[in-house]
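Since every read-out is calculated from the coordinates, none of them should be taken as a lab result. All of these numbers come straight from a predicted model, not from anything done at the bench. As a convention, Cβ positions derive from the backbone with ideal geometry for all residues, glycine included, and neighbour counts pool all protein chains shown.
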Amino acid sequence: MNVQEVRKMFPILDQQVNGKPLVYLDSAATSQKPKQVIDKIDDYYRRYNSNVHRGVHTLGTYATDGYEGAREKVRAFIKAKSTEEIIFTRGTTTAINLVASSYGRDNLGPEDEIVITPMEHHSNIIPWQQVARTTGATLKYIPLQKDGTIDLKDVEETVTDKTKIVSVMHVSNVLGSINPVKEIAKVAHKNGAVMVVDGAQSVPHMSVDVQDLDCDFYAFSSHKMCGPTGVGVLYGKKEHLEKMEPVEFGGEMIDFVGLYESTWKELPWKFEGGTPIIAGAIGLGEAIDFLNEIGMDNILEHEHKLAQYAISRLAEIDGVEVYGPKERAGVVTFNCDDVHPHDVATVLDAEGVAVRAGHHCAQPLMKWLDVTATARASFYLYNTEEDVDAFVNALIKTKEYFGDVFG
């Protein structure tokens, strides 16, 4: 993978911020978009903007072909059995809420359990809190090891024959931990539970095979994988999706509507009420083509090297604490002495370096780490070792600045 050639495909990277070359290290929040994706979305709006499924005119046919063609690209990308198992949503959050609101509410009762972990993103905590409150089910947490990893012994002790749903993120957006979701799914299924996976931080960065993982549901977002914002995917095993009720009602998702009762379309359209995210889906399809051309294994290897290089460089700076396991995805979360992460991010931004600061939508994990917030550098296929060096040099300047101010 020629990173310099890859960088040329991302127009936004060719600019200065605060008089310094942009170093974008916030891809865990949202990735940048290659020219191919931008052009594809532009082409849809310029040349064949139309609604899908409804019209028989030429533009409608082009739009439908593009939209449903993107569904097939998603299916192949995550190796699902059928496009019937691919539901377009607004993103990971909407996808998890769909599972919680439909499958969860219909299959949980006061004697049942939902099992998650303290490292989850809020979008994989709050829906389960709400469903537990509504159904009377108990919400339980798998404990974390000291380095922020999951021990399968703890999974086996936490998941019981009362557990009906296990929901775990594939990769932590804070710690970079790559969780053993395939093995966790085996424990869930052994106890009669379904396995839900938050794939927001995994699908953009590594090969994912939902059949091999044997998960029941898998959710991810387009905007973290070089695609547009506002569109995501819920994969679900057909056997579950067929039994689930829609959570949004209206046009597109109906078969027959009478005055007092209605019936729904077949999969996957019964879950896609209203005019769908047509341009977004088409843009996501183009992003998948782009990622396939680069190669997911190449991306994973590249990010792993960058993360390890960043950790080694940060070790050179006194007072910097890095959180998470040694083996990780391309995420490095840290704190710097007594300097608040927001102050760190502000000074880094003055040097043209964009990092994330705050609780990263993971307040329970912040409490587990015994901090109020952290700073996070996250890497993607367009980042380089020079980006890491610029980041580290800017962090050294940050320490010097606050040392002078408060020293």
Here the longest stretch of the chain that holds no chymotrypsin sites (Phe, Trp or Tyr not before Pro) in a DSSP loop having at most 15 other beta carbon atoms within 10 Å is 1-248
Which FRET efficiency value, to the nearest 0.05, is calculated for Ile254 and Asp147 with the Förster distance at 60 angstrom and r the Cβ-Cβ distance? 0.75
Roughly how big is segment 43-84's charge dipole about its Cα centre, with Cβ charges of +1 (Lys, Arg) and -1 (Asp, Glu), in debye to the nearest 20? 120 debye
Those residues of segment 62-92 whose amide nitrogen sits under 17 Å from the label point placed on Tyr45, 7 Å along Cα→Cβ: 63
With the 8 Å Cα cutoff and a minimum separation of six or more residues, the chain has a relative contact order in percent of 22 percent
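Test of understanding: ordering Ser207, Ser378 by Cβ neighbours within 10 Å, fewest first, what list do you get?
By the 10 Å Cβ count, ascending: Ser207, Ser378.
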Measure nothing but the geometry: give the 0 to 90° angle between the long axis through the Cα atoms of 278-294 and the longest principal axis through the Cα atoms of the chain, rounded to 10°. 50 degrees
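Looking at the chain, what % of its DSSP beta bridges pair antiparallel, to the nearest 5?
60 percent
Please sort by residue number the trypsin sites (Lys or Arg not before Pro) in segment 267-342 whose DSSP state is loop and whose Cβ has at most 12 other Cβ atoms within 10 Å.
Lys326
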Asp389 and Ile12 label points (each 7 Å along its Cα→Cβ direction) are spaced in nm at 2.6 nm
With charges set only on the Cβ (+1 for Lys and Arg, -1 for Asp and Glu), what does the dipole of segment 37-292 come to about its Cα centre, in debye to the nearest 20? 260 debye
Asserting the computed 222 nm helical MRE of the chain (DSSP H runs at least 4 long, -39500 (n - 2.57) per run, divided by residue count, to nearest 500) equals -11500 deg cm²/dmol
0 to 90° range, to nearest 10: angle between helix 58-78 axis and the chain longest Cα axis: 60 degrees
Residues whose built amide H sits under 5 Å from the amide H of Thr89, excluding neighbours closer than 5 in sequence, are Gly232, Val233, Leu234
With unit charges on the beta carbon (Lys/Arg positive, Asp/Glu negative), name the residue among Leu291, Asn383, Thr398 whose Cα is farthest towards the positive pole of the charge dipole of the chain. Leu291
Against the longest principal axis of the chain, how steep is helix 341-350, in degrees 0 to 90 to the nearest 10, with axes from Cα atoms? 80 degrees
Cut-off 15 Å (backbone N to label point 7 Å along Cα→Cβ of Gln36), residues of segment 61-92: 70, 73-74, 77
I need the GluC sites (Glu not before Pro) found in segment 326-407, filtered to DSSP loop residues with at most 14 other beta carbons within 10 Å of theirs. Glu327
So for segment 205-340, using the alpha carbon gyration tensor with a ≥ b ≥ c as root eigenvalues (a/c under 1.5 gives rounded; past that, a/b versus b/c decides prolate or oblate), I'd call it prolate
For the chain, convex hull of alpha carbons as volume per residue, Å³: 145 Å³
Computed label-point distance, nm, for sites His53 and Asp370 using a 7 Å Cα→Cβ extension: 5.3 nm
